[in-house]
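Worksheet: the structure to be examined is printed underneath.
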Amino acid sequence: MIKREKAILYNMWGYLSDKIGISSPCGNATYVPWIFDSLLKNGYKVYCCVDRDKESVLKYGKTCFDSFSQTKRWEIYNKINFIGLENVLNGNLPQIDILFLEWRFLPSDSRLPPNAPGYSPDLKIQEKLIDYYQTTKFTLKIIVFDLDYMFSEEDRNRVKPQLVLEQGIKPNTGSETIYIPFDWAEINQFPTLTPYDKIVYVGNDYRRREDNEEKLIPFSIKYPKIIKFYGNWLKDSQKDIREKWNNIEFNSRVGFNSFREIYSHALFSPLLSPPD
């Protein structure tokens, strides 16, 4: 009897490439490749539901991964088994050992009717996977990665996962802390160029206002124009913030293909966290 290869279905709604020509705040490409690399090295066959990079890859090829670790990320991408949206919705799903869910909740674009501009099927995909694998005869483990701390007690009772993972050092009751695997040798591809005289933060203010006001804003008052913010900071809705935090240099949102240049002169990059 031939032993079946271990298999995991990693469900996310993000990108693995640099998203050339795509405006999206998704950060999956910064950490998911290293998770996949670790799974592949440990003998798992890795499935994903939807290849959101397909259009860019067909147009640009390997260049889609140029911003960092191009060869390695390209190789990892080509080892992933993409199921396809239609197969997922029709229940044509593989036999797996682990269903790993980057937990999706109810953003506004998931509430739109299908085929409406801006509709996102991520919540529908998640529900299909849960329904299918809870009723299948396969013996498998369900793991929830609660990135946004939106996995409620009601969700826990309904999904009945064997494991819930969080990134906090003090996880919620019933959850465990996960440390993302990373190939630290890859960091050497980013040279620190002189003068390294800036502090660079790429991100927004969502659930991070307290961290900003306690840490970065006092520093910016003492050292004006040293800190550079990149994100949705130039929108009209952020005008009051720009005027209030006027010692910070605000810039528009950037893609992965701009990271190398932006970070090359940075003394460091702060990582801001929501309170939970």
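The values are calculated or read from the model by the stated rules, or taken from the named source; none is laboratory data. Treat the numbers as computed from the prediction; the structure is a model and nothing was measured. So basically every Cβ, Gly included, is an ideal-geometry build from the backbone, and we count neighbours across all protein chains shown. Ligands, DNA and RNA are stripped out before the accessible areas are found, and what is left, the full protein with its side chains, is counted by its heavy atoms. Shrake-Rupley method; radii C 1.70, N 1.55, O 1.52, S 1.80 Å.
Would you check if there is a residue in the range 264-275 being more than 26 Å from Gln167 (Cβ to Cβ), assigned to a helix (DSSP H, G or I) and touching a strand residue (DSSP E or B) at 6+ places or on another chain (Cβ under 8 Å)? No, that holds for no residue.
In the range 215-247, the residue that is farthest from the chain's Cα centre (by Cα) out of those that are of a type in the set (Ser, Thr, Tyr) and either more than 20 Å from Val202 (Cβ to Cβ) or open to solvent by less than 50 Å² (accessible area, probe 1.4 Å) (or both) is Ser220. Looking only at the range 182-199, decide whether some residue is part of a strand (DSSP E or B) and within 15 Å of Leu267 (Cα to Cα). Yes: one or more hits. Among what's in the range 222-244 and is of a type in the set (D, E, K, R) and not in a loop (DSSP other than H, G, I, E, B), pick the residue that is farthest from Lys198 (Cα to Cα). So, considering only residues that are of a type in the set (D, E, K, R) and not in a loop (DSSP other than H, G, I, E, B), the one farthest from Lys198 (Cα to Cα) is Asp236. Here Asp183 meets each of (1) in contact (Cβ under 8 Å) with a residue 40 or more places away in the chain; (2) more than 22 Å from Ile96 (Cα to Cα); (3) open to solvent by less than 40 Å² (accessible area, probe 1.4 Å); (4) not hydrophobic (A, V, I, L, M, F, W, C) with one exception, condition (3). Of all residue pairs spaced 6 or more apart or on separate chains, those with beta-carbon atoms under 7 Å, a first member in the range 31-47 that is open to solvent by less than 40 Å² (accessible area, probe 1.4 Å) and of a type in the set (Phe, Trp, Tyr) and a second member that is part of a helix (DSSP H, G or I) and modelled with pLDDT of 95 or more are Phe36/Ile76.
Tell me, which residue of the range 157-171 that is open to solvent by less than 90 Å² (accessible area, probe 1.4 Å) and at pLDDT 85 or above is nearest to Leu140 (Cα to Cα)? Across the range 157-171, the extreme among qualifying residues is Pro161.
Determine whether Phe219 is part of a strand (DSSP E or B), without any contact (Cβ under 8 Å) to a residue 24 or more places away in the chain, of a type in the set (A, V, I, L, M, F, W, C) and farther than 25 Å from Ser69 by Cα. No; evaluated as a whole, the condition is false for this residue.
Pairing residues of the range 141-164 that are of a type in the set (S, T, N, Q) with residues that are open to solvent by 50 Å² or more (accessible area, probe 1.4 Å), at Cβ distances under 6 Å and at least 6 apart in sequence or on separate chains, gives Gln162/Lys141. Just one residue in the set Tyr196, Tyr149 is of a type outside the set (A, V, I, L, M), open to solvent by 80 Å² or more (accessible area, probe 1.4 Å) and modelled with pLDDT under 90; that residue is Tyr196.
Only one of the listed residues (Gly174, Gly118) is in contact (Cβ under 8 Å) with a residue 12 or more places away in the chain, at positive phi and surrounded by fewer than 13 Cβ atoms within 10 Å (Cβ to Cβ). That residue is Gly174.
Filtering the range 251-267 to residues that are closer than 18 Å to Tyr196 by Cα and either surrounded by 13 or more Cβ atoms within 10 Å (Cβ to Cβ) or touching a Phe, Trp or Tyr at 6+ places or on another chain (Cβ under 9 Å) (or both) leaves Ser258, Phe259, Arg260, Ile262, Tyr263, Ser264, His265, Ala266, Leu267. What about Ile130, is it at pLDDT 95 or above, surrounded by 14 or more Cβ atoms within 10 Å (Cβ to Cβ), hydrophobic (A, V, I, L, M, F, W, C) and assigned to a helix (DSSP H, G or I)? Taking the combined requirement at face value, the residue satisfies it.
Residues in the range 63-74 that are modelled with pLDDT under 95 and either open to solvent by 20 Å² or more (accessible area, probe 1.4 Å) or of a type in the set (Phe, Trp, Tyr) (or both): Thr63, Phe65, Asp66, Phe68, Gln70, Thr71, Lys72.
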